[in-house]
Amino acid sequence: MYTMGVDVGSASSKVVILEDGNRTVVAKVVQLGTGSSGPQRVLEEALTESGLKMEDMAKVVATGYGRFSFNQADRQVSEISCHAKGIFHLVPTARTIIDIGGQDAKAIKLDDRGGVTQFFMNDKCAAGTGRFIDVMARVLEVTITEMQDYDAKATEPAPISSTCTVFAESEVISQLSQGTSKENIIAGVHQSVAVKACGLAYRGGVTPDVVMSGGVAQNAGVVRAISKELKQPVIVAPNPQVAGALGAALYAYEDALKAMKK
Ligand code: ADP
C-alpha cells in the first residue's frame, strides 16, 4: 500500500511516498514553495521517479504553510504534528525538535510516545529563519550550500547586534566594507539564527535528545552554533528537509488503515 505526504512550504515543496508506512519509495524536494510551480513540479518528479500514479495512493496528506492550496490531498495536517511524527519515526529518542524552515522556526517538545506536549513558534519575523540566512548569503555572494564551509573556517564569529533582518543586512554590509572576513561574518550570521531558535526552545525547557529538522538543518554551521548555544549535542534528522512530508505520509498511512477497518 502506498501513501503520500506533501509539504508545501514557504521556500520549498516536498513529497514523500511510503510503502506500507515504513519504506520510503521516493523523497523529493523542489526549492520553490507555495504560490509557485514548486508543488506541481515536485509531485510530477516524485511520480515519475517512482513509476507510480496518484490513483496508486491509498491516502494523501498535505502539510506546510501552503497545505490548503494543494487540492489533491484527502486531508491537511499542521506542520507541528507532521514534523513531530516524521522526526519521532526517524529518531525515537527525540524529545526536543528545533525546526528551522524558510519563513519560520519552531521548537516542539515530545513525550516518550512521540506526542506533542508543547510548541513555540516564530512566524512573525524573518530573524532566526532560513530567510535571514538567504538574505545574508546574497549580500555575501555565497550560495546557501557554501555557508557551512565558510563557517568551518571562521576564527571569531562577528557579532551581529541587530535582531531585525533589514538592519542586520546593513550591519553585514558595513562589516564587509571594514574588512571583516566572510568566514567570521557567516559564523556570526549562524550564531544569530541559533540564539533566536534556542530562545524558542528555552521557553519549554530543553530535554534531550535535541533533534533538528527543516531545510536549515542541512547547514552544519547552524547546527554547530545551536549545539554550542544549548551546550549539548544536536542530532540532525536524516534528510531533514523532508521530515514534515514524511510525517504527512505516515498520517496518510494511519488514515488508510482506519479506512480499511471501516
Ligand atoms: P519551508 O518548509 O518553510 O519551505 P524548508 O524547511 O524547506 O522551508 O527550509 C528552507 C530553508 O532551508 C531555505 O531558506 C534555506 O536557507 C535552507 N536550505 C535549503 N537547502 C539548503 C542546503 N542544501 N544547505 C543549507 N541550507 C539549505
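Worth a mention:
- From the list PHE132, PHE70, PHE119, the lone residue that is surrounded by 19 or more Cβ atoms within 10 Å (Cβ to Cβ) and within 17 Å of THR34 (Cβ to Cβ) is PHE70.
Residues are listed down the side, and each one gets a yes or a no for (1) of a type in the set (S, T, N, Q); (2) under 30 Å from ASN22 (Cα atoms); (3) in contact (Cβ under 8 Å) with a residue 40 or more places away in the chain; (4) within 16 Å of the ligand (Cβ to nearest atom):
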{"residue": "VAL166", "(1), (2), (3), (4)": "no, no, no, no"}
{"residue": "ALA194", "(1), (2), (3), (4)": "no, no, no, yes"}
{"residue": "ARG203", "(1), (2), (3), (4)": "no, no, yes, no"}
{"residue": "GLY221", "(1), (2), (3), (4)": "no, no, yes, yes"}
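- A count restricted to the range 214-253 and to residues that are over 15 Å from the mean Cα position of the chain (by Cα) and under 24 Å from VAL42 (Cβ atoms) stands at 5.
- Scanning the range 212-235 for residues that are part of a loop (DSSP other than H, G, I, E, B) and either touching a helix residue (DSSP H, G or I) at 6+ places or on another chain (Cβ under 8 Å) or of a type in the set (A, V, I, L, M) (or both) gives GLY214, ASN219, PRO233.
- Remark: pairs (first residue in the range 235-248, within 22 Å of GLN76 (Cα to Cα) and among the hydrophobic types (A, V, I, L, M, F, W, C); second residue within 12 Å of the ligand (Cβ to nearest atom) and not in a strand (DSSP E or B); Cβ separation under 6 Å; 6+ apart in sequence or on different chains) = ALA243/HIS83; ALA243/GLY86; ALA243/ALA237; LEU246/GLY86; ALA248/CYS82.
- Among the candidates GLN118, GLN103, the residue that is touching a residue at least 40 places away in the same chain (Cβ under 8 Å), among the polar types (S, T, N, Q) and touching an Asp or Glu at 6+ places or on another chain (Cβ under 9 Å) is uniquely GLN103.
- If you filter the range 156-211 down to residues that are of a type in the set (Ser, Thr, Tyr) and part of a loop (DSSP other than H, G, I, E, B), you find that the one that is nearest to LYS228 (Cα to Cα) is THR207.
- The range 121-142 - residue that is touching a residue at least 60 places away in the same chain (Cβ under 8 Å) and part of a loop (DSSP other than H, G, I, E, B) and, of those, farthest from VAL91 (Cα to Cα): ALA127
Read-outs: derived from the displayed coordinates by stated rules, not from any lab. Given the structure is predicted, the values throughout are model-derived calculations rather than measurements. Note that we place each Cβ from the backbone using ideal geometry, even for glycine, and neighbour counts take in every protein chain shown.
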